[in-house]
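To start, the structure under review is shown below, and the notes come after it.
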């Protein structure tokens, strides 16, 4: 274990939410352009967060806040582990924990919208978790290990369908249409988030940014190169590509019902990963000849 | 005779003595008998475990000279009791008017008596009992958790009928469980195995309502047929290989066993599947929910179902001889896990949710045994141990709710955190330890996912199953912690009979989880080597678990503690900070209800599907030895 790397990982983890905030700002700008608006400044999400954090605290009960904090710490931990090069499977379980605490925080308040949102959030979990697990398995098939440490392999060439499946997961994780069923602002007024305000809403937002950071980090895993500059540029490009696809889909589709969401992710998402895994396996075993 | 051998034998004899004393005692005396024997059994089990760990031996052989009295007395005693037991089981089958049970009981008798007549009655075994690491895990769980459940039951059963019979069978159950796990002589294993069948029958039967009688009858039918499979496997081993001892059988080598010899592990695995309530034999465990809740706790955590998976884990080295057989077992386990996780989503009776969860987790154990790599077997033992502890605690908490609030319906548990804060905390801990890191069960799941890369199809089942597991536990916990702004109004102080066992198990869960790497490194790994497997090193998960640097799991503990401590310390809540929930401006108390994914209809469809697939797999398990013989 390289302790210096742990320190670097910690520093990256601290600045990661700002990077995601910038991405969110870009997202809002592009979305605005797609809708023929000018849109806010790129740093608007950070201004929003500062404003939220400066507000007086308001809460329903303390249990809600404890569970929300657990959600945030688990999200931070998942990202830190990823950058520090932990086993992808532990990260998978830590992510599970984050999702569980997030929904528990929503269940902790006896509010109709929060409770409906929590149940929908859980249905999202059951939809995307198997897909994430299969994507991690794809990484294992190519790299020969579950380590999240980046390798020089171009995973995207081996796992193009898994990348597509990750886009589905990204849509769910970033609460984008057509899969924004849990938050669904126009329908259930924000679902699990409805009962936070001020400081604590800011806290939960930070948690979301960490989750998004991890999703983008997994995306970046798909690009690798022995040259560190090429690798960095390629990873960044891939993240922007994924973001752009997500924005495009977000702006051109309407929200699905939660059942439809689960069905699409569980069937098409899983099918993509399974087919991809089978092909990789077949190539590796020499069933399909490969130059 | 060494002390540890005496202690091992005491784990069988002490509960049996407790049973004999608890039966005739009056109400007051019985309370003291239960408390004294529970304490003594915990002490014996605990000291034995510590001594074993301290001495660090591979296995303690308890030979004939250690039995205290002449071995012939043991042999004739057990043979006579076995015959009496089978007659009793036959009578029970006839009394409950079950042709299926009667046929099974007669078949057992024919097989066992016929075999003994051929083999010669009263032959002394070379090595009657062995205490190895695998047996130690089960005996320790049985002694400690089992006794705590007995203590819990003292208060729970107050005011109920036939308590003498109840506690007698509880203690007998513990003794029989320990006996079965320690037995090296297979006929003795069979005897203790059938005693647990008898105990479970009477404990399920206890309330003597029509429903209880029907459930007891179902349990008897299924487990008796499991007993037939076990008896047939044992008789076949004796007839074909001339040995009735587990260690000889294990050491025989592949050239002899490959082919028809595989009938032995196949039959024992199917027998184990009935005890462990694996799909397609799961119905009896669900029916057993009518029994008083301590019985459920006992069946699900420390005794009955563990015995089933114990037999399957024991057979792992033999299954490994023929991988198609082993992988069929793995597939049955994986399907059981995924299907029951889905079934648990449809339930609003919390005891049924927990029952499905038990079946699923044991399915995971069976799956790990079937994958049959060193790392997957470590996973099997991890899941077995941590599931037993957590599930015992969860069932006891449900018992408290059932006893105090008279409900098992999740829908009626809203606001439990206001009425019973202690029990709520216990349930939250129990559920979190069943699904999330850093608790021990997570380590088992982690290893099992890694092992499943051998059979990617299992990975899909695991992914869906574990996501569904998170869903149904979170749904339940979410319901009990949901509360309004109102200040808590506790339902009154809890009886110490409730608080002490729950608190003790909760402390045990946290301690065991912190000791996970130690348990992996100095217990589970040597256990595998004792079973004839290589070291699990090379599996990333196993290596990480065993390293003393302990960095990842330590980080999870740290972050979780921080997430708990920071808001508790920093967020002071004054009345003016409290807001009302958003109800679109309506002034009302919101009413919420859970989502049950189609309820009974889905349950029936999924059950039918899983039962047909797994029944096919169970038949395949029994047929595969013939295929191995022919090809």
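The values are calculated or read from the model by the stated rules, or taken from the named source; none is laboratory data. Note that the structure is a prediction, hence the values are computed from the model and not measured. Every residue, glycine among them, receives a Cβ derived from its backbone with ideal geometry; neighbour counts consider all protein chains shown.
Could you tell me whether any residue of the range B:340-363 is over 15 Å from the mean Cα position of the chain (by Cα), assigned to a helix (DSSP H, G or I), under 23 Å from residue B:134 (Cα atoms) and in contact (Cβ under 8 Å) with a residue 60 or more places away in the chain? No. Of all the numbered requirements in (1) touching a residue at least 60 places away in the same chain (Cβ under 8 Å); (2) within 13 Å of another protein chain (Cβ to nearest Cβ); (3) assigned to a helix (DSSP H, G or I), residue B:559 misses one, and that requirement is (1).
A residue that is buried (at least 23 other Cβ atoms within 10 Å of the Cβ), within 16 Å of residue A:265 (Cα to Cα), within 13 Å of chain B (Cβ to nearest Cβ) and at pLDDT 85 or above cannot be found anywhere in the range A:105-115. Of all residues in the range B:411-428, those that are buried (at least 22 other Cβ atoms within 10 Å of the Cβ), at pLDDT 85 or above and within 21 Å of residue A:97 (Cβ to Cβ) total 3. Flag: residue B:406 matches the condition of being surrounded by fewer than 20 Cβ atoms within 10 Å (Cβ to Cβ) and away from chain A (no Cβ under 12 Å).
In the set (1) at the interface with another protein chain (Cβ under 9 Å from one of its Cβ atoms); (2) at pLDDT 90 or above, the condition left unmet by residue A:84 is number (2).
Evaluate the following for residue A:79: is it buried (at least 24 other Cβ atoms within 10 Å of the Cβ), touching a helix residue (DSSP H, G or I) at 6+ places or on another chain (Cβ under 9 Å), at negative phi and at the interface with chain B (Cβ under 7 Å from one of its Cβ atoms)? In short, no. Of the listed requirements (1) assigned to a helix (DSSP H, G or I); (2) more than 26 Å from residue A:198 (Cβ to Cβ); (3) modelled with pLDDT under 90, residue A:96 misses just one: (3). Could you list all residues from the range B:317-334 that are over 19 Å from residue B:629 (Cα atoms) and surrounded by 24 or more Cβ atoms within 10 Å (Cβ to Cβ)? Scanning the range B:317-334 gives B:330, B:332, B:333, B:334. Scan the range A:19-38 and give yes if some residue there is within 14 Å of chain B (Cβ to nearest Cβ) and either within 24 Å of residue A:250 (Cβ to Cβ) or surrounded by fewer than 20 Cβ atoms within 10 Å (Cβ to Cβ) (or both), otherwise no. Scanning the range A:19-38, I find no residue that is within 14 Å of chain B (Cβ to nearest Cβ) and either within 24 Å of residue A:250 (Cβ to Cβ) or surrounded by fewer than 20 Cβ atoms within 10 Å (Cβ to Cβ) (or both), so the answer is no.
Checking B:422, B:439 one by one, the residue that is under 18 Å from residue A:71 (Cα atoms) and more than 9 Å from chain A (Cβ to nearest Cβ) is B:439 and no other.
Here the range B:366-382 is the region considered, the condition is being within 9 Å of residue B:330 (Cα to Cα) and part of a helix (DSSP H, G or I), and the residue that is farthest from the chain's Cα centre (by Cα) is B:371.
Total residues in the range A:61-71 satisfying the condition of being at the interface with chain B (Cβ under 7 Å from one of its Cβ atoms) and touching a helix residue (DSSP H, G or I) at 6+ places or on another chain (Cβ under 9 Å): the figure is 6.
The one condition from (1) over 22 Å from the mean Cα position of the chain (by Cα); (2) more than 10 Å from chain B (Cβ to nearest Cβ); (3) assigned to a helix (DSSP H, G or I) that residue A:11 does not meet is (1).
When the helices (runs of 4 or more DSSP H) confined to the range A:212-291 are screened for residues that are at pLDDT 90 or above and out of contact with any strand residue (DSSP E or B) (no Cβ under 8 Å at 6 or more places or on another chain), those reaching at least 3 such residues are found at A:228-252, A:270-284. The set of residues in the range B:405-424 that are within 18 Å of residue B:351 (Cα to Cα) and in contact with a helix residue (DSSP H, G or I) (Cβ under 8 Å, 6 or more places away or on another chain) comprises B:405, B:407, B:408, B:409, B:410, B:411, B:412, B:413, B:414, B:416, B:423, B:424.
Within the range B:596-621, the set of residues being over 11 Å from residue B:339 (Cβ atoms) and buried (at least 16 other Cβ atoms within 10 Å of the Cβ) comprises B:596, B:597, B:617, B:618, B:620, B:621. Of the residues in the range B:133-144, not one is closer than 24 Å to residue B:309 by Cβ and part of a loop (DSSP other than H, G, I, E, B). Residue under question is residue B:306, and the condition is that it be closer than 30 Å to residue B:597 by Cβ and in contact with a strand residue (DSSP E or B) (Cβ under 8 Å, 6 or more places away or on another chain); does it hold? No.
Okay, residues lined up against (1) outside any helix (DSSP H, G or I); (2) facing chain A (nearest Cβ under 9 Å):
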site	(1), (2)
B:566	no, yes
B:582	yes, yes
B:586	yes, no
B:591	yes, yes
B:596	yes, no
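Determine if the range B:164-183 includes at least one residue that is surrounded by fewer than 18 Cβ atoms within 10 Å (Cβ to Cβ) and not in a helix (DSSP H, G or I). No, because not a single residue in the range B:164-183 is surrounded by fewer than 18 Cβ atoms within 10 Å (Cβ to Cβ) and not in a helix (DSSP H, G or I). Residues in the range B:442-472 that are free of Cβ contacts under 8 Å to residues at least 60 places away in the same chain and more than 7 Å from chain A (Cβ to nearest Cβ): 0 in all. Checking each residue in the range B:44-64 for being more than 24 Å from residue B:188 (Cα to Cα) and either in contact with a helix residue (DSSP H, G or I) (Cβ under 9 Å, 6 or more places away or on another chain) or not in a helix (DSSP H, G or I) (or both) picks out B:46, B:47, B:51, B:53, B:55, B:56, B:57. Count, please, the residues in the range B:416-466 that happen to be in a helix (DSSP H, G or I) and over 30 Å from residue B:492 (Cα atoms). Residues in the range B:416-466 being in a helix (DSSP H, G or I) and over 30 Å from residue B:492 (Cα atoms): 25 in total.
All told, residue A:56 meets the bar of being touching a residue at least 24 places away in the same chain (Cβ under 8 Å) and within 14 Å of chain B (Cβ to nearest Cβ). If you go through the range B:146-159 one residue at a time, do you hit one that is surrounded by fewer than 24 Cβ atoms within 10 Å (Cβ to Cβ), farther than 22 Å from residue B:288 by Cα, in contact with a helix residue (DSSP H, G or I) (Cβ under 8 Å, 6 or more places away or on another chain) and at pLDDT below 95? Within the range B:146-159, none of the residues are surrounded by fewer than 24 Cβ atoms within 10 Å (Cβ to Cβ), farther than 22 Å from residue B:288 by Cα, in contact with a helix residue (DSSP H, G or I) (Cβ under 8 Å, 6 or more places away or on another chain) and at pLDDT below 95. Within the span defined as the range A:134-152, one or more residues are within 8 Å of another protein chain (Cβ to nearest Cβ) and in contact with a strand residue (DSSP E or B) (Cβ under 8 Å, 6 or more places away or on another chain).
Checking residue A:196 against (1) assigned to a loop (DSSP other than H, G, I, E, B); (2) under 15 Å from the mean Cα position of the chain (by Cα); (3) within 13 Å of chain B (Cβ to nearest Cβ), which test does it fail? Here residue A:196 clears every test but (2).
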